[in-house]
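Engineer: The following block contains the structure, expressed as structure tokens.
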Amino acid sequence: MDIALNAHVECTDGRVGRVENIIFNPVTERVTHLVVRGNDLANTMRLVPERQVKDATPEVISLAFDRKKFDKMKNFIQEEYIPANVTLYMAERAGWNIGTPAAVFVEHEAVPGGSVSLHKKAVVEATDGRVGTVDELLVEKKSGRITHLILKEGHLWGKKDVLIPVSLIDHYEEKKVVLKIDKDAVEQLPVVDLKEREG
């Protein structure tokens, strides 16, 4: 199963959006959720469990349910209202002195505990510097385990995808994947010609 960041996502009754993030457990290297940015409402991202993925290619992810169920999925961006101990006064200069309690809205990602959210264009760093960005993940269909990351653009070798086995990943940071190897070792990894993959 090939899960591409930014791939189209389709429900049983039509297209609903694109893959924005992939959430996985860094210990088991198993994909747990996809974050799908919906087409209908701006800035709406839904958390879709991996077990609901029926099929996946680099271009399209097919889900096992309809749009109505997609619309009921948990929002990935959660908002919290935090009351403050301050009162704001409106239009004081106009002669009004109306007070209202101040509040702060805080947004955060709903990443399940112990999981990592891999964003589009997450940087991949070798031990001696940046080598590119993550574009896709190869995932074992049966187990849901990630087997490889795929570098797409910005790497040193032109228009080829570089396959990086997850065994070569040292750790994950926010918006970054850190490898155990240097740039020379990355250059020796298997590559797949983009034209071959598309054809």
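The values are calculated or read from the model by the stated rules, or taken from the named source; none is laboratory data. These figures come from a predicted structure and were not determined experimentally. Because the Cβ atoms are built from the backbone with ideal geometry, glycine has one as well, and the counts that use them run over all protein chains shown.
Engineer: Report, by residue number, each residue of region 1-42 that is touching a helix residue (DSSP H, G or I) at 6+ places or on another chain (Cβ under 8 Å) and among the hydrophobic types (A, V, I, L, M, F, W, C).
Structural biologist: Hits for region 1-42 are CYS11, VAL16, VAL31, LEU34, VAL36.
Engineer: Here is a further query. Kindly list, by first and then second residue, each pair from a residue in region 18-42 that is without any contact (Cβ under 8 Å) to a residue 12 or more places away in the chain to a residue that is part of a loop (DSSP other than H, G, I, E, B), limited to pairs with Cβ atoms under 9 Å and residues at least 6 apart or on different chains.
Structural biologist: Partner pairs satisfying both residue conditions: none exist.
Engineer: Here's a follow-up. Looking only at residues in region 15-31 that are hydrophobic (A, V, I, L, M, F, W, C) and in contact with a Lys or Arg (Cβ under 7 Å, 6 or more places away or on another chain), which one is nearest to ALA4 (Cα to Cα)?
Structural biologist: PHE24
Conditions (1) crowded, with 21+ Cβ neighbours inside 10 Å; (2) part of a loop (DSSP other than H, G, I, E, B); (3) modelled with pLDDT under 90, marked per residue:
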residue: VAL19; (1), (2), (3): yes, no, no
residue: ASP40; (1), (2), (3): no, yes, yes
residue: VAL48; (1), (2), (3): yes, no, no
residue: ARG51; (1), (2), (3): no, no, no
residue: ASP55; (1), (2), (3): no, no, no
residue: ILE61; (1), (2), (3): yes, no, no
residue: ALA84; (1), (2), (3): no, no, yes
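Engineer: Would you pick out the residues in region 3-16 that are crowded, with 17+ Cβ neighbours inside 10 Å and at pLDDT below 95?
Structural biologist: Filtering region 3-16 down to residues crowded, with 17+ Cβ neighbours inside 10 Å leaves 3-5, 7-11, 16.
Passing the criteria: ILE3, ALA4, LEU5, ALA7.
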